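One structure is given here, and the rest of the page talks about it.
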Amino acid sequence: MKSLAELQAIKDKMKDKVVLREGSGDIRVVVGMATCGIAAGARPVLNAFVEGVNAEGLSEKVSVSQTGCIGICQFEPVVEVFEAGKEKVTYVKMTAEKAKEVVEKHLKGGNVISEYTIAASKL
Amino acid sequence: MKELSLNILDITENSVKAGATLTEILIDETDNLLTIKIKDNGCGMNEETVKSVVDPFYTTRTTRKVGLGVPLIKLAAEQTGGKFSIESSVDEINHGTLITAEFVKGHIDFTPLGDIVSTITTLIQGHPDTDFKFVHNKNGAAVSLMTTEIRDVLGDVPLNTYDVIKWIEDYLFEQYNEIH
Ligand SMILES: Nc1ncnc2c1ncn2[C@@H]1O[C@H](COP(=O)(O)OP(=O)(O)O)[C@@H](O)[C@H]1O
């Protein structure tokens with residue numbers, strides 16, 4: 001059985017690390033989690049980002065957070081990526097698979113996947 | 001919504017938005033009924049607001065944006081022959097909201113609970129500084145989690161630390177395995 005003692009071990013391990021507070025990374029990934037987003041599948045998208053960022057070792061650089069309605073319900077699940085000095089990137093109609101790709105190519109590799117952005121879907 | 005756990009996520013997001021420092025998600029399950037209670041100590045709503053939140057077509061003089069979250073869970077409950085109720089108070093000391101939705105499990109329109117563990121971890125991931133209490137009673141056995149207890153151990157380590165979220169997920173899965 002999992003025990004609170006294991007949490008203590010996690011705490012001790014964290015002591016040596018920089019504690020990352022929400023929004024303190026260089027890149028902020030924000031997932032819309034209002035009714036429309038949740039109904040369209042935002043929960044697995046959010047989890048794919050959380051898993052992917054950890055798996056790629058990007059936790060120090062990238063924070064994943066949630067917000068309410070982004071205002072473009074027909075494009076949900078919507079994910080915004082903020083990076084200092086760069087224009088905001090808005091990914092639309094996201095899935096867990098696309099999220100994994102965004103982690104690899106964009107968050108890790110630095111290349112925006114234009115075909116998943118709102119700009120592409122408006123054409 | 002495809003799963004009731006998504007309705008729960010949606011409703012609980014409202015509680016957090018309402019400034020709740022503690023939100024309780026209580027599920028009581030018997031052979032034929034599943035009852036979901038979501039109780040928060042947020043700012044609460046006055047009577048007019050409650051009406052407009054329950055019925056999206058109820059109009060007040062002040063036109064304000066209301067979502068569909070509450071009507072969706074109400075409909076999901078009522079279409080199984082179950083019940084829905086909402087109580088809210090804006091009292092200075094005892095403010096908060098309690099939403100109760102009862103579902104008849106055997107009904108053809110019953111939506112399964114789905115991945116409730118994912119809903120709980122998602123809530124904690126997104127709102128590491130507010131507290132959640134989760135209890136799922138199923139035929140006499142229970143699965144439970146209190147973030148206050150976790151916070152006591154972790155001190156200033158944020159609850160949305162990856163390892164902590166994973167611990168919470170495993171902790172809940174283990175409990176579910178025991179009661180199944
Ligand atoms: N638990 C709550 N406490 C206080 N206000 C609430 C609560 N739930 C809903 N509300 C109010 O009702 C509004 C509509 O909620 P909802 O129908 O879920 O829509 P949305 O999530 O899209 O805002 C909220 O914006 C808020 O003003």
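The values are calculated or read from the model by the stated rules, or taken from the named source; none is laboratory data. Computed from a predicted structure; not experimentally measured. Cβ coordinates were reconstructed from backbone atoms using ideal geometry, including for glycine residues, and neighbour counts include every protein chain displayed. SASA here: full protein model, heavy atoms, side chains in, ligands and nucleic acids out. Shrake-Rupley method; radii C 1.70, N 1.55, O 1.52, S 1.80 Å.
Taken over region B:75-109, the criterion of being touching a residue at least 40 places away in the same chain (Cβ under 8 Å), in a loop (DSSP other than H, G, I, E, B) and buried (at least 18 other Cβ atoms within 10 Å of the Cβ) is satisfied by B:G82, B:H95.
If the condition is being in a loop (DSSP other than H, G, I, E, B) and either of a type in the set (S, T, N, Q) or surrounded by 17 or more Cβ atoms within 10 Å (Cβ to Cβ) (or both), then region A:94-119 contributes A:M94, A:T95, A:N111, A:V112.
Filtering A:K2, A:K11, A:K86 for residues that are modelled with pLDDT under 95 and exposed (fewer than 15 other Cβ atoms within 10 Å of the Cβ) leaves a single hit, A:K86.
For region B:130-142, state whether one or more residues are over 30 Å from A:L58 (Cβ atoms), under 14 Å from the mean Cα position of the chain (by Cα), open to solvent by less than 20 Å² (accessible area, probe 1.4 Å) and more than 13 Å from chain A (Cβ to nearest Cβ). Scanning region B:130-142 turns up at least one residue that is over 30 Å from A:L58 (Cβ atoms), under 14 Å from the mean Cα position of the chain (by Cα), open to solvent by less than 20 Å² (accessible area, probe 1.4 Å) and more than 13 Å from chain A (Cβ to nearest Cβ).
May I ask you to say which residue of B:L72, B:L34 is in a strand (DSSP E or B), hydrophobic (A, V, I, L, M, F, W, C) and surrounded by 15 or more Cβ atoms within 10 Å (Cβ to Cβ)? Quick ask: steps written out before the conclusion?
Working: B:L72 fails: in a strand (DSSP E or B).
Going through B:L72, B:L34 in turn, the sole match is B:L34.
Given (1) within 11 Å of chain B (Cβ to nearest Cβ); (2) open to solvent by 10 Å² or more (accessible area, probe 1.4 Å); (3) not hydrophobic (A, V, I, L, M, F, W, C), identify the lone condition not met by A:E76. Going through the list (1) within 11 Å of chain B (Cβ to nearest Cβ); (2) open to solvent by 10 Å² or more (accessible area, probe 1.4 Å); (3) not hydrophobic (A, V, I, L, M, F, W, C), A:E76 breaks only (1).
For region A:50-60, a residue qualifies if it is closer than 26 Å to B:D10 by Cα and more than 10 Å from chain B (Cβ to nearest Cβ), and exactly one does: A:G52. Restricting attention to region B:44-58, does a residue exist that is within 14 Å of chain A (Cβ to nearest Cβ), within 13 Å of the ligand (Cβ to nearest atom) and closer than 27 Å to B:P128 by Cα? The answer is yes, given that some residue of region B:44-58 is within 14 Å of chain A (Cβ to nearest Cβ), within 13 Å of the ligand (Cβ to nearest atom) and closer than 27 Å to B:P128 by Cα.
In this structure, is B:Q125 within 11 Å of another protein chain (Cβ to nearest Cβ) and surrounded by 20 or more Cβ atoms within 10 Å (Cβ to Cβ)? Yes, satisfied. Just one of (1) closer than 17 Å to B:I36 by Cα; (2) in contact (Cβ under 8 Å) with a residue 60 or more places away in the chain; (3) not aliphatic (A, V, I, L, M) fails for B:H127. It is (1). The number of residues in region A:61-99 being basic (K, R) and under 28 Å from B:N14 (Cα atoms) comes to 3.
Number of residues in region B:14-31 that are near the ligand (Cβ under 8 Å from one of its atoms) and either out of contact with any Cys (no Cβ under 7 Å at 6 or more places or on another chain) or among the charged types (D, E, K, R) (or both): the value is 4. Within region A:20-56, being modelled with pLDDT of 95 or more, outside any helix (DSSP H, G or I) and either closer than 22 Å to A:K86 by Cβ or open to solvent by 30 Å² or more (accessible area, probe 1.4 Å) (or both) holds for A:I27, A:R28, A:V29, A:V30, A:V31, A:G32, A:E56. When B:I120, B:I116, B:I99 are checked against the criterion of being within 16 Å of the ligand (Cβ to nearest atom) and touching a strand residue (DSSP E or B) at 6+ places or on another chain (Cβ under 8 Å), B:I99 stands alone in meeting it.
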